[in-house]
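Participant: Below are the structure tokens for one structure; questions will follow.
The values are calculated or read from the model by the stated rules, or taken from the named source; none is laboratory data. Just so we're clear, the structure is a prediction, and the values are computed from it rather than from any experiment. Glycine also receives a Cβ, built like all others from the backbone with ideal geometry; neighbour counts cover every protein chain displayed. We work out accessible area using only protein heavy atoms, side chains counted, and drop any ligands, DNA or RNA first. Shrake-Rupley method; radii C 1.70, N 1.55, O 1.52, S 1.80 Å.
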Amino acid sequence: MPNINYSACRTTTLLLCSLLFFSCTQKHYADALSPEEAMKHFEIVDGFTIELFASEPHIMSPVDMVFDEQGNVYVVEMEDYPYQPESGKGKGRIRVLKDSNGDGKADTSFVFADGLPSATSMLPWKGGLIVTAAPDILFLKDTTGDFRADIKEMLFTGFFASNSEAQITSLRLAPDNWIYANNNGQAGKVYAVNHTATDTLSMGGSDFRFRPGRGLFENESGNGQFGLAVDDWGNRFYTQNTTHIQQAPIPWRYLHRHAYLPSDRVDINISDHELLMFQKTPPPYWRLERSNRRQKDYDERKLNRNEYAEGHFTGASGGVFYGGDAFPEPFYGSIFTGDVAGNLVHRDILTLKDDHPLFVAKRAEGEKDREFLASTDPWFRPANFTVGPDGYLYIIDMYRQHIETPVSIPEDLKKDMDFTNGEQYGRIYRIVPEGAAKRATQIPDLRKKNPEEMVALLAYPNQWWRLQAQRLLLEQGSLSVVPALKKMCVEHADARARLHALYTLEGLNVLDAALIEQVLKDPHPGMRRHAVILAEHYPQCLPQLLNSVDDGSAQVVLQTALSLGQFVSPRVIPALANIMERYGEMPLFQTAVLSSDAGSSMELLKLLIGRKTFFENAGPGKVAFIKDFFYVIGARKKKEDIVAVITLLSLPEVKEAVNWQLAGLEGLAKGLQKSANQDKPDPDLTSALQAYESGATGEIKGALQAVKQAMSDSLQ
């Protein structure tokens, strides 16, 4: 009988059982930390410190925060996330936070409103709040002073409401007096509830803007998800999951002046550093496993695709423009964006050159291989931000174990996931410059200031104060400040103050053509660009507006191309031709010109051909313009225009340019395919095609066949 060490066997057996038990019960996800412990896990760039402003139990699941003109702090709580509540059973809340002892921390809270469905954002307005709570936009107000809303009015309804991560949100008041909101391009039939004679707005493919004081609302270009930053000049920058900063530089109202553009989408990723981010946390178990599965599938199908589990933006949210005055000067104008999956805060610096209309978002020096702020705590979820009247940056941390739509995760990976775990938590942090003098976080009641004092605040160095002052001046409606506003508009040293004065005058309905003509000559391009926009309402400003074609700023010229399309005058087409000769290689200018009837007219094309210089050494941009121009002609399907473009193709000087003949024919064929005209074949059109085809050879003949087929198809 062999000599067996039974003691050793028992030890080995116990060890194996322990390992087996551990492997079966291993936790895939970390536990929550206290606010104090969580703060130890932050890594922030040199020169800044992090302070805790508010936490549970005073807030839970926060997703937005605003300061009103009286210094009250409001926080939206989205306890519903990630599920869509049943009708009438919303769990969204808005709280008012108070710092009773002045130590800079919220120590008291009041429930301002509850029972809200998927509330996500808010904006102070007329003593209350405008709130997005899909499918509605609401107005809530407390009239008794108990911090409880007793007025609840529905302003709009009909927005998409089936996905809490993709719905109406991110309310922002811009200097032009419009309120903008992200809609993620979601479908919906929206109407204003208290307007008896209002149209229903189809929201698919757009964002949203409105002016509640005037009953105006309309689509806006963009497909922003959760996060919208508006700079000093009204430029919008929005986030959408993997694309952390985008811009839509051409507004919807221009892109839909006619229905024949090849595309009405102008969302542009302006980042120069793509998707890379530098997180400090490992990917969660479910994301790593899902990514591995997806990559295996791509590889087996021999697809040239990469699935990233970490190190790439995937949950970008809450972009904010830093317009405060507490940070060092180089930080002014930065865009801060969170990534809730990467547990970090990213910073972009915006740059703009005179010869290009688009911004470029770059990483700051010192942040090329790191983020402005990152945490090693996987529960840190920087969902949103705000810049306070104190000039500090506030980070709204939803603090959840999981941030993801459950439908995006395989069923077997969801078994040990509780998507509501952490709904009872929430933190708001304040970012403060290290070593700087402490600023008061409580402000005076701006409603107690007289109109003259409010005018002075339009020049305040912090954007928050300027916007509140402008809003309150319009709410008060006093015309006594008009002389002071006109003086500020043309004389103040700070261009931002001049802009706020200009739009306060616009909001008070006291603008005039003489002032617009003055502002068209302003030394700042931002002022000139807005003067171009406002000149659309004053036909007598056209002669001065035509001079803007030669402006030194590409942004001003782009807006001029758009605004000239609003005028009916024989002087418009030569001006648009001048713009195309100067900027014809740039797609944005091509779209701007083609968006108007004048810019897509045969008169413009004939003028460009007659000048000859436009097509000499034409680069790929101008060839693309010809393709899109012919597309519009085909889609519009006016017989005389189609005959005219085919006749032009027969000109000797044009026949030598085979590249843009082919581009024109391709565009014409695609435009005809879009056309739904039911007319019978026109003999004039047929004969024009035959005449052109008789002298065509090679590739041109093939392109002509495509045109003839498209014409035949569109007439079926």
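Participant: Determine which member of the set A32, A38 is assigned to a loop (DSSP other than H, G, I, E, B) and either hydrophobic (A, V, I, L, M, F, W, C) or modelled with pLDDT of 95 or more (or both). Give the steps one after another, and end with the answer.
Facilitator: Values: A38 fails: assigned to a loop (DSSP other than H, G, I, E, B).
After ruling out the rest, the residue left standing is A32.
Participant: Considering only residues that are farther than 30 Å from Y29 by Cα and hydroxyl-bearing (S, T, Y), which ones fall in the range 268-285? If you could, list the steps in order and put the result at the bottom.
Facilitator: At the first step, the residues of the range 268-285 found to be farther than 30 Å from Y29 by Cα are 268-273.
Of everything in the range 268-285, just one residue is farther than 30 Å from Y29 by Cα and hydroxyl-bearing (S, T, Y), namely S271.
Participant: Could you tell me whether any residue of the range 271-284 is touching a Gly at 6+ places or on another chain (Cβ under 9 Å), of a type in the set (D, E) and over 27 Å from P433 (Cα atoms)?
Facilitator: no
Participant: In the range 177-216, how many are at pLDDT 95 or above and either of a type in the set (K, R) or touching a His at 6+ places or on another chain (Cβ under 9 Å) (or both)?
Facilitator: Final tally of qualifying residues: 3.
Participant: Filter the range 485-495 down to residues that are part of a helix (DSSP H, G or I) and out of contact with any helix residue (DSSP H, G or I) (no Cβ under 7 Å at 6 or more places or on another chain), then give me how many there are. Before the answer, list the steps.
Facilitator: From the range 485-495, those part of a helix (DSSP H, G or I) are 485-491, 495; that's our starting set.
Those still in the list that are out of contact with any helix residue (DSSP H, G or I) (no Cβ under 7 Å at 6 or more places or on another chain) too: 487, 491.
The total comes to 2.
Participant: Moving on to the next point. Of everything in the range 90-109 that's assigned to a strand (DSSP E or B) and charged (D, E, K, R), which residue is surrounded by the fewest Cβ atoms within 10 Å (Cβ to Cβ)?
Facilitator: We begin by selecting, within the range 90-109, every residue assigned to a strand (DSSP E or B); these are 92-98, 108-109.
This time we only want the ones that are charged (D, E, K, R), so: 93, 95, 98.
Details: R93: 22, R95: 26, K98: 17.
Only one residue tops the list, namely K98.
Participant: Conditions: (1) over 15 Å from P389 (Cβ atoms); (2) β-branched (V, I, T); (3) part of a loop (DSSP other than H, G, I, E, B). V482 meets all but one. Number of the miss?
Facilitator: Exception for V482: condition (3).
Participant: Given the structure, is L605 at pLDDT 95 or above, among the hydrophobic types (A, V, I, L, M, F, W, C), in a helix (DSSP H, G or I) and crowded, with 21+ Cβ neighbours inside 10 Å?
Facilitator: Numbers: at pLDDT 95 or above: no; among the hydrophobic types (A, V, I, L, M, F, W, C): yes; in a helix (DSSP H, G or I): yes; crowded, with 21+ Cβ neighbours inside 10 Å: yes.
The answer is no for L605.
Participant: Another question, then. Count, please, the residues in the range 613-638 that happen to be touching a helix residue (DSSP H, G or I) at 6+ places or on another chain (Cβ under 6 Å) and either assigned to a loop (DSSP other than H, G, I, E, B) or over 19 Å from P587 (Cβ atoms) (or both).
Facilitator: Summing the residues that are touching a helix residue (DSSP H, G or I) at 6+ places or on another chain (Cβ under 6 Å) and either assigned to a loop (DSSP other than H, G, I, E, B) or over 19 Å from P587 (Cβ atoms) (or both) in the range 613-638 gives 2.
Participant: From D390, D355, D339, D377, grab the single residue that is acidic (D, E), at pLDDT 95 or above and farther than 17 Å from R287 by Cβ.
Facilitator: Details: D355 fails: at pLDDT 95 or above; D339 fails: farther than 17 Å from R287 by Cβ; D377 fails: farther than 17 Å from R287 by Cβ.
When all the criteria are applied, what remains is D390.
Participant: Something else now. State whether one or more residues within the range 62-83 are more than 30 Å from K448 (Cα to Cα), among the small types (G, A, S) and surrounded by fewer than 22 Cβ atoms within 10 Å (Cβ to Cβ).
Facilitator: no
Participant: If you don't mind, another one. Taking only pairs six or more apart or across chains, which ones have beta-carbon atoms under 9 Å, a first residue in the range 277-297 that is under 26 Å from E367 (Cβ atoms), and a second residue that is of a type in the set (D, E, K, R) and not in a loop (DSSP other than H, G, I, E, B)?
Facilitator: Close Cβ pairs satisfying both conditions: M277/D339; Q279/D339; K280/E43.
Participant: Continuing with the same structure: Just to check your reading of the model, which residue among Y285, Y254, Y322 is among the aromatic types (F, W, Y) and open to solvent by 60 Å² or more (accessible area, probe 1.4 Å)? Give the steps one after another, and end with the answer.
Facilitator: Working: Y254 fails: open to solvent by 60 Å² or more (accessible area, probe 1.4 Å); Y322 fails: open to solvent by 60 Å² or more (accessible area, probe 1.4 Å).
When all the criteria are applied, what remains is Y285.
Participant: Follow-up question, since we're still on this one. Does at least one position in the range 541-555 carry a residue that is in a loop (DSSP other than H, G, I, E, B), farther than 25 Å from I179 by Cα and within 24 Å of the chain's Cα centre (by Cα)?
Facilitator: If we filter the range 541-555 for residues that are in a loop (DSSP other than H, G, I, E, B), which is where we start, we get 551-553.
With farther than 25 Å from I179 by Cα added as a condition, the list becomes 551-553.
If we keep only those that are within 24 Å of the chain's Cα centre (by Cα) too, we end up with 553.
Among the residues of the range 541-555, at least one is in a loop (DSSP other than H, G, I, E, B), farther than 25 Å from I179 by Cα and within 24 Å of the chain's Cα centre (by Cα), which makes the answer yes.
Participant: Among the candidates M586, M527, which residue alone is of a type in the set (A, V, I, L, M, F, W, C) and without any contact (Cβ under 8 Å) to a residue 60 or more places away in the chain? First the steps, then the outcome.
Facilitator: Numbers: M586 fails: without any contact (Cβ under 8 Å) to a residue 60 or more places away in the chain.
It is M527.
Per-residue answers, yes or no, for (1) open to solvent by less than 10 Å² (accessible area, probe 1.4 Å); (2) at pLDDT 95 or above; (3) farther than 21 Å from D355 by Cα; (4) among the basic types (K, R):
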{"position": "A561", "(1), (2), (3), (4)": "yes, yes, no, no"}
{"position": "F567", "(1), (2), (3), (4)": "no, yes, yes, no"}
{"position": "N578", "(1), (2), (3), (4)": "no, yes, no, no"}
{"position": "E585", "(1), (2), (3), (4)": "no, no, no, no"}
{"position": "S596", "(1), (2), (3), (4)": "yes, yes, yes, no"}
{"position": "R611", "(1), (2), (3), (4)": "no, no, yes, yes"}
{"position": "F614", "(1), (2), (3), (4)": "yes, no, no, no"}
{"position": "P620", "(1), (2), (3), (4)": "no, no, no, no"}
{"position": "D628", "(1), (2), (3), (4)": "no, yes, yes, no"}
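Okay, residues lined up against (1) at pLDDT 95 or above; (2) among the polar types (S, T, N, Q):
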{"site": "S408", "(1), (2)": "no, yes"}
{"site": "E411", "(1), (2)": "no, no"}
{"site": "Y425", "(1), (2)": "yes, no"}
{"site": "P433", "(1), (2)": "yes, no"}
{"site": "A440", "(1), (2)": "no, no"}
{"site": "I443", "(1), (2)": "no, no"}
{"site": "W465", "(1), (2)": "yes, no"}
{"site": "L472", "(1), (2)": "yes, no"}
{"site": "V482", "(1), (2)": "yes, no"}
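Participant: May I ask you to list the residues in the range 218-242 that are open to solvent by less than 30 Å² (accessible area, probe 1.4 Å) and over 18 Å from I533 (Cβ atoms)?
Facilitator: Matches in the range 218-242: N223, G224, Q225, G227, L228, A229, F237, Y238, T239.
Participant: Select from the range 630-658 the residues that are farther than 25 Å from I579 by Cβ and in contact with a Phe, Trp or Tyr (Cβ under 6 Å, 6 or more places away or on another chain) and write down the one among them that is least open to solvent (accessible area, probe 1.4 Å).
Facilitator: I646
Participant: Mind checking which residues of the range 197-217 are in a loop (DSSP other than H, G, I, E, B) and surrounded by fewer than 23 Cβ atoms within 10 Å (Cβ to Cβ)?
Facilitator: First pass over the range 197-217, keeping only residues in a loop (DSSP other than H, G, I, E, B): 197-200, 203-206, 212-215.
Result: A197, T198, D199, T200, M203, G204, G205, P212, G213, R214, G215.
Participant: Which numbered condition in (1) surrounded by fewer than 17 Cβ atoms within 10 Å (Cβ to Cβ); (2) under 26 Å from R439 (Cα atoms) is the only one that G338 fails?
Facilitator: That leaves (1) as the condition not met.
Participant: Could you check H500 against (1) in contact (Cβ under 8 Å) with a residue 40 or more places away in the chain; (2) in contact with a Gly (Cβ under 6 Å, 6 or more places away or on another chain) and say which number it fails?
Facilitator: Result: H500 passes all but (2).
Participant: Return the residues of the range 309-351 that are assigned to a strand (DSSP E or B), in contact (Cβ under 8 Å) with a residue 24 or more places away in the chain and β-branched (V, I, T); say none if nothing qualifies.
Facilitator: Step one: of the range 309-351, the residues assigned to a strand (DSSP E or B) are 312, 316-321, 335-339, 344-351.
Filter again for in contact (Cβ under 8 Å) with a residue 24 or more places away in the chain, leaving 312, 316-321, 335-339, 344-348, 350.
Matches in the range 309-351: V320, I335, T337, V345.
Participant: Could you tell me which residue of the range 114-126 is nearest to L467 (Cα to Cα), considering only residues that are open to solvent by less than 10 Å² (accessible area, probe 1.4 Å) and of a type in the set (G, A, S)?
Facilitator: My answer is S121.
Participant: Among the candidates P82, P124, single out the residue that is under 25 Å from the mean Cα position of the chain (by Cα), modelled with pLDDT under 95 and not hydroxyl-bearing (S, T, Y). If you could, list the steps in order and put the result at the bottom.
Facilitator: Details: P124 fails: modelled with pLDDT under 95.
So the residue among P82, P124 that is under 25 Å from the mean Cα position of the chain (by Cα), modelled with pLDDT under 95 and not hydroxyl-bearing (S, T, Y) is P82.
Participant: If you scan the range 138-168, which residues turn out to be in contact (Cβ under 8 Å) with a residue 60 or more places away in the chain and either aliphatic (A, V, I, L, M) or open to solvent by less than 10 Å² (accessible area, probe 1.4 Å) (or both)?
Facilitator: A161
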